[in-house]
Amino acid sequence: MSELDDAVRAFREIDLDGDGYITVAEMKKYHEGILAGEQIDLIFKLTDADHDRRIDFQEFAPAIAGR
């Protein structure tokens, strides 16, 4: 499985409603009990390039590349 395949799989898992965007609420639900709200806010601050409070795949993929 390629890095791109891994990114697509991870994105789809977090995008709970399948609309092509990860929202703060989806991120919090997916990472419930794992990440604190402040950590999720930081993820959005660093990843949400257009500041629309949603992360699309174009913003997501580079953020997880080479993890």
(message) Checking Leu4 against (1) over 14 Å from Ile64 (Cβ atoms); (2) exposed (fewer than 11 other Cβ atoms within 10 Å of the Cβ): exactly one of these is not met. Which one?
(response) (1)
(request) Report, by residue number, each residue of the range 17-61 that is touching a residue at least 24 places away in the same chain (Cβ under 8 Å), farther than 16 Å from Ala7 by Cβ and either touching a Ser or Thr at 6+ places or on another chain (Cβ under 8 Å) or of a type in the set (Lys, Arg) (or both). (result) Arg53, Arg54
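Would you pick out the residues in the range 1-53 that are of a type in the set (Lys, Arg) and out of contact with any Gly (no Cβ under 9 Å at 6 or more places or on another chain)? It would help to see each step written out before you state the result.
Of the range 1-53, the ones of a type in the set (Lys, Arg) are 9, 12, 28-29, 45, 53.
Scanning the range 1-53 gives Arg9, Lys29, Lys45, Arg53.
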(message) The conditions are (1) more than 14 Å from Ala63 (Cβ to Cβ); (2) touching a helix residue (DSSP H, G or I) at 6+ places or on another chain (Cβ under 9 Å); (3) in a helix (DSSP H, G or I), and Asp6 fails exactly one of them. Which is it?
(response) (1)
(request) Find the residue count for the range 14-67, including only residues that are aliphatic (A, V, I, L, M) and surrounded by fewer than 14 Cβ atoms within 10 Å (Cβ to Cβ). (result) 8
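Quick note: the coordinates plus some simple rules give every number you see, no bench work behind them. The structure presented is a predicted model; accordingly, all values stated were derived computationally and were not measured. Here the Cβ is made from the backbone with ideal geometry for all residues, glycine too, and neighbour counts use every protein chain on show.
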